[in-house]
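What follows is a short report on a single structure.
The values are calculated or read from the model by the stated rules, or taken from the named source; none is laboratory data. All values reported here derive from a predicted model rather than from experimental measurement. Every residue, glycine as well, gets a Cβ built from its backbone with ideal geometry; the counts of neighbours run over all protein chains shown.
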Amino acid sequence: MKKRHILTALLASVALAGAATACERTLRSADTHPDGYPTVEAVKAMGKMLEEKTNGRLCIEVFFGAQLGEEKDAIEQTQFGVIDMARVSLGPFNNIIEETQIPSLPYIFRSPDHMRKVMAGPVGQQIKDAFTQHDLIGLTFYDAGSRSFYNSQKPIHSMADLAGMKFRVMQSDMFVDMVSALGANATPMPYGEVYSSIQTGVIDGAENNPPSYESSGHYEVAKYYTLDQHLIVPEVLVMSKKTFDSLSAEDQAAVKEAASASNAVMQDLWNKREEASMEKVKAAGIEVVTDIDKTPFIEAMAPVYEKYVTSDKLKKMVEDIQATE
Ligand code: GTR
């Protein structure tokens with residue numbers, strides 16, 4: 001290599017290193033959603049606040065679109081400290097942390113507002129404490145609206161219409177039982193496999209909130225969406241305890257503050273995206289069923305509560321949620 005070329009290469013690598021070290025330490029955060037999705041943008045906003053608060057000691061890079069793996073794997077990698085942070089649903093925690101089953105119970109919350117209130121209170125704290133025993137720090141809970149069924153076959157107007165149909169659920173035994181209690185069949189699978197599974201007829205459909213239904217493109221292959229709103233599962237942003245413990249007390253506090261502050265950003269983006277997503281899928285010709293009687297759905301959930309709300313501790317959590325105004 002000629003001298004001039006060596007110099008150019010050297011300068012380029014210095015420039016690159018400079019860009020990378022503008023921040024002393026970049027935390028890697030996983031998200032299954034595409035760039036621009038409210039959770040992705042909320043964690044990016046948290047990163048900006050964190051960089052300011054720590055004078056550039058800490059930044060966050062969001063690896064969106066499941067670049068670091070599907071949620072179950074991202075959770076494990078975060079527990080091991082391979083990934084610093086993960087923004088995931090509480091659903092995939094259900095089989096490993098029993099407390100997370102309670103806010104994941106069908107029809108436990110009266111509305112997304114009720115969920116927000118509960119998760120900002122003692123029940124939310126109880127869940128954060130449970131994370132610590134599993135090598136994770138629960139930083140904040142985010143909104144995920146309400147989840148409803150969609151499928152490629154027919155409009156669902158009642159529970160009877162669900163009979164024998166096959167739906168994908170998140171990888172949580174409780175959701176398998178939830179779908180069975182409604183008379184349908186459930187297949188737990190990672191989010192990234194749902195589109196092709198509907199397209200090829202392996203499953204008839206899945207269930208999710210409007211922004212996920214839209215951003216995943218599932219509406220392209222499952223055009224019947226029934227707003228039965230059976231689940232209001234909070235999202236959570238967790239940090240690896242290994243990463244957290246490696247930070248100074250000052251930086252730990254900054255992480256917690258920036259995470260809480262990102263909630264307002266999330267809320268605003270979420271409200272806008274929910275509306276925009278519904279408009280987009282309707283414009284694409286989706287048939288949305290809104291006039292559904294939820295009472296039989298709610299009543300059908302009794303065996304699920306019986307199976308999963310077993311100990312006094314979990315019963316108390318249910319009572320605390322119900323008592324939250
Ligand atoms: C979305 C949620 C994701 C993921 C996904 C799923 O609503 O935001 O974190 O859990 O659902 O169904 O796998």
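Please indicate, with yes or no, whether at least one residue in the range 305-325 is touching a strand residue (DSSP E or B) at 6+ places or on another chain (Cβ under 7 Å) and either surrounded by 15 or more Cβ atoms within 10 Å (Cβ to Cβ) or within 22 Å of Ser111 (Cα to Cα) (or both). Scanning the range 305-325 turns up no residue that is touching a strand residue (DSSP E or B) at 6+ places or on another chain (Cβ under 7 Å) and either surrounded by 15 or more Cβ atoms within 10 Å (Cβ to Cβ) or within 22 Å of Ser111 (Cα to Cα) (or both).
For Phe80, the criteria (1) closer than 19 Å to Lys241 by Cβ; (2) surrounded by 18 or more Cβ atoms within 10 Å (Cβ to Cβ) hold in every case but one, which is (2). Looking across Glu274, Glu299, one residue alone is at pLDDT 95 or above, more than 15 Å from the ligand (Cβ to nearest atom) and out of contact with any strand residue (DSSP E or B) (no Cβ under 9 Å at 6 or more places or on another chain). It is Glu299. The test for being without any contact (Cβ under 8 Å) to a residue 60 or more places away in the chain and under 27 Å from Glu99 (Cβ atoms) holds for Ala206.
Per the conditions (1) β-branched (Val, Ile, Thr); (2) within 15 Å of the ligand (Cβ to nearest atom); (3) over 23 Å from Lys307 (Cβ atoms), the sole criterion not satisfied by Val82 is (2).
Every listed requirement among (1) in contact with a helix residue (DSSP H, G or I) (Cβ under 9 Å, 6 or more places away or on another chain); (2) surrounded by fewer than 19 Cβ atoms within 10 Å (Cβ to Cβ) is met by Asn151 save one, (2).
Show me the strands (runs of 3 or more DSSP E) entirely contained within the range 199-265 in which 2 or more residues are away from the ligand (no atom under 13 Å from the Cβ). Outline the logic, then answer.
Numbers: elements: 205-208, 224-231, 235-240.
Correct list: 224-231, 235-240.
Could we say that Leu136 is over 30 Å from Asp293 (Cα atoms) and in contact with a helix residue (DSSP H, G or I) (Cβ under 8 Å, 6 or more places away or on another chain) here?
On the way: over 30 Å from Asp293 (Cα atoms): yes; in contact with a helix residue (DSSP H, G or I) (Cβ under 8 Å, 6 or more places away or on another chain): yes.
Considered against the rule, which asks whether it is over 30 Å from Asp293 (Cα atoms) and in contact with a helix residue (DSSP H, G or I) (Cβ under 8 Å, 6 or more places away or on another chain), Leu136 comes out as yes.
How many residues are within 11 Å of the ligand (Cβ to nearest atom) and either among the polar types (S, T, N, Q) or in a helix (DSSP H, G or I) (or both) if we restrict to the range 30-74?
Initially, the range 30-74 is screened for residues within 11 Å of the ligand (Cβ to nearest atom), giving 30-33, 37-40, 66, 70-72, 74.
Now drop any that are not either among the polar types (S, T, N, Q) or in a helix (DSSP H, G or I) (or both), which leaves 32, 38-40, 71-72, 74.
Counting residues in the range 30-74 that are within 11 Å of the ligand (Cβ to nearest atom) and either among the polar types (S, T, N, Q) or in a helix (DSSP H, G or I) (or both) gives 7.
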